[in-house]
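Presented below is the structure to which this report refers.
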Amino acid sequence: MKIEVLQPSGYCIGVSNAIKTALKAKEINKNKKISILGMLVHNEETLEYLKKHSINTIYSQDNNLESLIDDINENDEIILSAHGHSQQIENKLNEKGIKYIDATCPFVKIAFENIKKIIEKGHQVIYIGKKNHPEANAALSISKNIFLYELNKENDLSVIKDEAPIVLSQTTFLLDDVLNAFEIIKSTFPNAIFEGGICKSSLERQNALLKIKEKPDVIYIIGSKKSNNTKSLFDLANKLFSESIIRHIENENDVHESDLKDSQYIVISSGASTPDYIIDSVIKKVKKLAN
């Protein structure tokens, strides 16, 4: 029996930095209430870990984070999530005199700065993103000249007046899906320019799946159901290996002996916000049940 753990695995740099930022803030301000506005990262296990360190999450299902600020005490300190946030959120926190720390992923920051430069040059931007995802919300808040393009949806492009709009994507999407969307956009705007957007960590994890040379019996993709980059990996695995057993799991409790019966080759991949200890526990259970 062969078990292959695809690399990279565990936290990406952006997620790791966000967690370290939150823990350091609490260490410096032991007697102060530290809270995260929104999900710092899309992994419930990680948020529970932070809660054990007295760092709570302030979150709403519709991601309307600005309205949540009304209930925050001015003496609290806020951590802003790795996915990015709108300028309106910073403005409202400043108005209330609430101190905050920006834990936005460095790659997301670069992507947002790129969008600003494109807008300053007079272009309109078509942003391939997921509606109400915090990263997409933050990107769209930059300018009225940024328009959301949703995958597998009817998108009205009549609002685009730029003959050569710039197309970018959310950092966590599947590259093939984004390129396919770009081809559709080009059928309306032949001069559209694609400038990427998918982060290095997401691409590396997708490429690891693409490099598998033999058909696995079972593929486990580990990560939260809220994690878009984990969902992208799951979708890619299904496209590549339709005859394999493919499971999107959150932890070792989702590993079942029935999936592993007679399996000779098992592949384990993970999203960028999945903790190492979760991956290790899945590997341990797979070894136990497969043997």
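Does GLU214 fit the bill of being over 16 Å from GLN7 (Cβ atoms) and open to solvent by 10 Å² or more (accessible area, probe 1.4 Å)? Outline the logic, then answer.
On the way: over 16 Å from GLN7 (Cβ atoms): yes; open to solvent by 10 Å² or more (accessible area, probe 1.4 Å): yes.
Answer is yes for this residue.
If you go through the stretch 91-109 and keep only what is open to solvent by less than 60 Å² (accessible area, probe 1.4 Å) and either without any contact (Cβ under 8 Å) to a residue 12 or more places away in the chain or among the polar types (S, T, N, Q) (or both), you end up with just THR104.
Here is the figure for the stretch 226-238: residues that are over 11 Å from LEU174 (Cβ atoms) and touching a helix residue (DSSP H, G or I) at 6+ places or on another chain (Cβ under 8 Å) total 1. Quick check on my filter: what residues within the stretch 16-36 are closer than 19 Å to ALA82 by Cβ, touching a residue at least 24 places away in the same chain (Cβ under 8 Å) and among the polar types (S, T, N, Q)? Selection gives ASN17, THR21, SER35. With respect to GLU74, is the statement that it is farther than 21 Å from ILE279 by Cα and outside any helix (DSSP H, G or I) true? Yes.
Does the stretch 273-282 contain at least one residue that is in a loop (DSSP other than H, G, I, E, B), surrounded by fewer than 18 Cβ atoms within 10 Å (Cβ to Cβ) and hydroxyl-bearing (Ser, Thr, Tyr)? Looking through the stretch 273-282, none of the residues is in a loop (DSSP other than H, G, I, E, B), surrounded by fewer than 18 Cβ atoms within 10 Å (Cβ to Cβ) and hydroxyl-bearing (Ser, Thr, Tyr). Scanning the stretch 118-163 for residues that are without any contact (Cβ under 8 Å) to a residue 24 or more places away in the chain and aliphatic (A, V, I, L, M) turns up LEU140, LEU148, VAL159. Could we say that GLU243 is within 22 Å of the chain's Cα centre (by Cα), open to solvent by 20 Å² or more (accessible area, probe 1.4 Å), within 30 Å of LYS288 (Cβ to Cβ) and among the charged types (D, E, K, R) here? Answer is no for this residue.
The values are calculated or read from the model by the stated rules, or taken from the named source; none is laboratory data. From a predicted model like this one, the values you see are computed outputs, not experimental measurements. Cβ coordinates were reconstructed from backbone atoms using ideal geometry, including for glycine residues, and neighbour counts include every protein chain displayed. The protein model used for the area step is the full one, side chains on, heavy atoms only, and it has no ligands, DNA or RNA in it. Shrake-Rupley method; radii C 1.70, N 1.55, O 1.52, S 1.80 Å.
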